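**Q** What follows is a single structure, and I will ask about it in a moment.
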There are 2 protein chains.
Amino acid sequence: MASHKSTPLLKDELDIVIPTIRNLDFLEMWRPFFEQYHLIIVQDGDPSKTIKVPEGFDYELYNRNDINRILGPKASCISFKDSACRCFGSTGDSKSEIIITVHVVDSDGWMVAKNPSGEDINALEQHIHNLLSPSTPHFFNTLYDPYRDGADFVRGYPFSLREGVPTAVSHGLWLNIPDYDAPTQLVKPRERNTRYVDAVLTIPKGTIFPMCGMNLAFNRDLIGAAMYFGLMGDGQPIGRYDDMWAGWCIKVICDHLNLGVKTGLPYIWHSKASNPFVNLKKEYKGIYWQEEIIPFFQSVKLPKECKTVQECYTELAKLVKGKLSSIDPYFTKLADAMVTWIEAWDELNPSGDASAKLANGVGK
Amino acid sequence: MASHKSTPLLKDELDIVIPTIRNLDFLEMWRPFFEQYHLIIVQDGDPSKTIKVPEGFDYELYNRNDINRILGPKASCISFKDSACRCFGSTGDSKSEIIITVHVVDSDGWMVAKNPSGEDINALEQHIHNLLSPSTPHFFNTLYDPYRDGADFVRGYPFSLREGVPTAVSHGLWLNIPDYDAPTQLVKPRERNTRYVDAVLTIPKGTIFPMCGMNLAFNRDLIGAAMYFGLMGDGQPIGRYDDMWAGWCIKVICDHLNLGVKTGLPYIWHSKASNPFVNLKKEYKGIYWQEEIIPFFQSVKLPKECKTVQECYTELAKLVKGKLSSIDPYFTKLADAMVTWIEAWDELNPSGDASAKLANGVGK
């Protein structure tokens with residue numbers, strides 16, 4: 001490891017955001033890892049339904065009524081009947097010193113994975129390590145993350161770049177049921193991901209990637225204001241693109257602000273495939289829209305004047321409206337929701353400028 | 001695996017280039033994998049010395065006298081007393097239908113590695129698979145190479161990009177002694193790379209990387225003319241940057257010509273560290289020069305008119321002369337050698353235009 005060590009985070013430094021429509025029995029399996037931290041549960045769907053949380057966990061639960069009460073008219077930017085509602089969890093609790101937010105999903109299928117030695121993987125610990133050690137977006141290291149034990153920068157890696165940049169996002173992977181789109185699910189119903197790839201790597205600057213929201217951690221101070229999952233689900237023309245949307249946006253902004261995005265470890269185990277027919281219905285517009293959206297994000301250049309995440313995101317909203325609205329009127333609505341989201345963020349986070357904390361950010 | 005399969009290559013489709021200064025006893029270990037192919041041995045240093053090759057291998061051996069005889073005055077572009085001489089091996093044999101050239105190094109330290117199940121790794125087979133399946137430089141796939149068994153493109157990967165592009169280079173890794181520069185060797189003399197990362201990935205477009213020449217395969221038709229290892233060793237101010245130089249050049253050209261570069265598997269086992277003091281002497285200029293060279297390569301834009309590898313390389317030589325000569329007069333000499341190399345290449349490969357074969361290239 002080049003120079004950085006992870007330390008366990010204090011309780012008020014890490015929150016776990018869980019969007020859910022059902023009882024959280026799956027938490028039992030995660031008890032040894034999650035119990036010491038604070039859970040922010042975002043209940044999706046019917047707010048009159050009671051969600052059961054296993055005993056012993058410290059949590060707050062927000063349902064739709066809470067979201068409407070807290071955000072008022074700005075609640076319109078929070079999706080309903082879609083896991084995109086999760087983003088409320090990271091705006092919502094403005095009083096705690098949240099540093100890292102881990103997004104897990106409600107599904108029973110979300111399980112603790114085992115490493116090749118048969119031991120349970122502490123996904124949180126790995127995410128924390130990823131986020132507390134720097135990223136290296138400016139040059140590729142062929143031994144992957146140089147900040148891991150037993151690794152370093154290889155010959156030919158510029159010394160001036162070895163300090164790295166602060167890590168904003170840690171994107172973990174799944175074993176077993178792979179994260180495929182509906183067409184691939186339909187074509188390969190029996191494919192399982194059995195390959196444990198023991199690597200973490202920084203996604204290079206300028207490279208966009210498909211970010212999955214199932215096993216995702218981020219530094220709220222550094223990038224939280226851009227971790228918005230768009231308008232999905234109830235009343236919207238698409239679903240299953242909430243995390244993709246957030247991923248495209250955060251990557252462009254991280255590149256602009258010199259922040260890092262890592263992918264790879266930790267793995268979680270995904271035991272239950274979602275229904276490919278339902279998925280196809282949610283996804284099909286996204287499947288052809290992304291052919292235009294991705295080139296848009298690949299070519300976005302944010303102006304130098306944008307120095308905070310909020311400024312970047314507001315600028316991005318303008319560009320989305322200007323360049324993507326021709327695909328579908330949905331993008332005009334989405335661009336407006338992006339602006340509303342930033343307004344909601346600023347209202348709930350009055351300290352304002354996330355970048356002010358950059359100088360003391362993690363990974364320094 | 002998305003759609004592509006490797007087939008074993010015929011004898012005249014793969015050559016193994018070995019630069020060496022000593023007897024090739026290490027080949028015994030590689031016999032089961034190498035014996036069916038043709039070896040091109042480039043003897044470095046004193047040509048009167050006899051190099052012993054174990055029996056049963058099909059090979060040609062070129063020493064300095066052969067290089068001088070074949071290339072005449074153009075032999076000046078081939079380094080002496082440095083493994084950079086290896087590039088002669090891929091220009092040299094213009095009559096065979098070389099498709100893939102694997103560069104291995106002479107060292108006794110170059111051994112067959114074992115996978116986590118304890119089986120010998122057939123590095124050639126993996127390189128062949130890497131080169132015969134496409135690359136995906138335009139978008140990152142979080143499950144790594146989508147063309148491997150049990151993997152595919154993840155949700156959110158644009159369908160229009162799933163055909164990939166032809167793969168020009170396969171960059172394998174080392175287990176045990178890591179490929180560190182002299183300062184890191186000195187600081188961490190006991191570090192060993194024990195982590196078997198079961199992944200192959202495409203290095204994204206626009207990202208430069210530190211290419212090591214120890215375990216390297218490439219498609220000669222697609223990129224051979226740019227696989228030039230510069231002027232190193234005897235009479236030159238630096239060493240140990242031969243592969244780095246080639247790596248920077250090929251990556252810029254692959255990006256321009258829409259070709260792919262993969263890194264990851266296969267591993268070889270590196271048993272013997274080179275002397276860090278000797279390495280420091282060879283490297284130290286490179287260590288500070290690279291701080292300017294790498295930004296140069298990161299910003300190089302080749303003109304659209306460059307449609308063949310030779311045209312790209314000749315243009316790159318001009319840019320090197322124009323932009324890097326201010327670092328040291330060495331770069332003027334190097335730029336001239338790059339032009340000489342292309343002249344030598346064209347002379348020995350009269351069929352000329354490598355890109356003419358692109359349409360029928362591997363990975364299509």
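**Q** Rolling a 1.4 Å sphere over the protein heavy atoms, what is the accessible area per residue of the stretch A:14-300, to the nearest Å²?
**A** 32 Å²
**Q** With θ set to phi - 60° and the Karplus curve 6.51 cos²θ - 1.76 cosθ + 1.60, what are the ³J(HN,Hα) couplings of the stretch B:270-279 in order, to the nearest whole Hz, using x for Gly and Pro?
**A** 10, 9, 10, 6, 7, 6, x, 6, 4, 4
**Q** How much of the DSSP bridge set in the stretch B:14-300 is antiparallel, in percent, rounded to the nearest 5?
**A** Percent antiparallel among DSSP bridges in the stretch B:14-300 is about 40.
**Q** Size of the protein assembly as shown along its principal axes in angstrom, Cα-based, largest extent first?
**A** On the principal axes, the protein assembly as shown reaches 89, 49, 48 Å in Cα extent.
**Q** Apply the a/c threshold of 1.5 to the C-alpha gyration tensor of the stretch A:158-212 and tell me whether it is rounded, prolate or oblate.
**A** Prolate.
**Q** Right, next: Dividing the Cα radius of gyration by the Kirkwood radius, what Rg/Rh value follows for the stretch A:173-240? Each step should come with its number before you reach the end.
**A** Working: Rg = 15.2 Å, Rh = 15.1 Å.
Here the Rg-to-Rh quotient is 1.00.
**Q** Buried accessible area between A and B (1.4 Å probe, both chains summed, ligands and nucleic acids excluded), in Å² to the nearest 100?
**A** 4900 Å²
**Q** Another question, then. Pull out a ≥ b ≥ c, the square roots of the eigenvalues of the alpha-carbon gyration tensor of the stretch B:61-204, then state rounded if a/c is under 1.5, prolate if not and a/b is larger than b/c, and oblate in the remaining case.
**A** oblate
**Q** I'd like the residues of the stretch A:160-192 whose 1.4 Å-probe accessible area shrinks by no less than 40 Å² going from the isolated chain to the full set of protein chains.
**A** SASA drop of 40 Å² or more in the stretch A:160-192: A:173, A:179, A:180, A:181, A:188.
**Q** Here's another thing I want to ask about it. Taking a label point 7 Å from Cα toward Cβ, how far is residue A:275 from its twins in the other copies, in nm, shortest first?
**A** When each copy's label point is compared with this one, the spacings are 7.2 nm.
**Q** Once chain A is represented by equal point scatterers at the alpha-carbon sites, with solvent omitted, what log10 I(q)/I(0) does the Debye formula produce at q = 0.10, 0.12, 0.13 Å⁻¹?
**A** One equal scatterer on each Cα of chain A leads to -0.59, -0.88, -1.05.
**Q** Tally the DSSP beta bridges in the protein assembly as shown and give the antiparallel ones as a percent, rounded to 5.
**A** Beta bridges within the protein assembly as shown, antiparallel portion: roughly 40 percent.
**Q** Next up: Sorted from shortest, what are the nm distances separating the label point of residue B:12 from equivalent points in the other copies, each placed 7 Å from Cα along Cα to C-beta?
**A** 7.6
**Q** While we're on this one: Cut-off 10 angstrom, C-alpha nodes, Gaussian network model of chain A. Which of A:278, A:53, A:104 fluctuates the most?
**A** A:278
**Q** If we hang a label 7 Å off Cα along the beta carbon direction at residue A:163, how far is it from the matching labels on the other copies, in nm, shortest first?
**A** 4.6
**Q** Across the stretch A:284-293, in residue order, what do the Karplus-derived ³J(HN,Hα) couplings come to in whole Hz, using 6.51 cos²θ - 1.76 cosθ + 1.60 with θ = phi - 60° and x for Gly and Pro?
**A** Listing the rounded values in order: 4, 5, x, 4, 8, 4, 4, 5, 9, 5 Hz.
**Q** Would you mind getting me the FRET efficiency between residue B:69 and residue A:292? Use the beta-carbon distance for r and R0 = 60 Å, nearest 0.05.
**A** The value I calculate is 0.55.
**Q** Could you identify which residue out of B:141, B:275, B:23 has the top mean-square fluctuation in a GNM of chain B using Cα springs shorter than 10 Å?
**A** Fluctuation is largest for B:275.
**Q** Here's another thing I want to ask about it. State the percentage of accessible surface on the stretch A:14-300 attributable to carbon and sulfur atoms; use a 1.4 Å probe and exclude ligands, DNA and RNA.
**A** The computed percentage sits at 51.
**Q** Oh, and also: Is the C-alpha gyration tensor of the stretch A:199-283 telling us rounded, prolate or oblate? Criteria: a/c under 1.5 is rounded; beyond that, a/b larger than b/c is prolate, otherwise oblate. Write down the numbers at each step before the final one.
**A** Numbers: a/c = 2.22, a/b = 1.42, b/c = 1.56.
It comes out oblate by the Cα gyration axes.
The values are calculated or read from the model by the stated rules, or taken from the named source; none is laboratory data. A quick note: this is a predicted structure, and the numbers were derived from the prediction, not measured. A quick note on method: Cβ atoms are made from the backbone with ideal geometry, for glycine too, and the neighbour counts reach across all protein chains shown. Heavy atoms of the whole protein, side chains included, go into the accessibility calculation; ligands, DNA and RNA do not. Shrake-Rupley method; radii C 1.70, N 1.55, O 1.52, S 1.80 Å.
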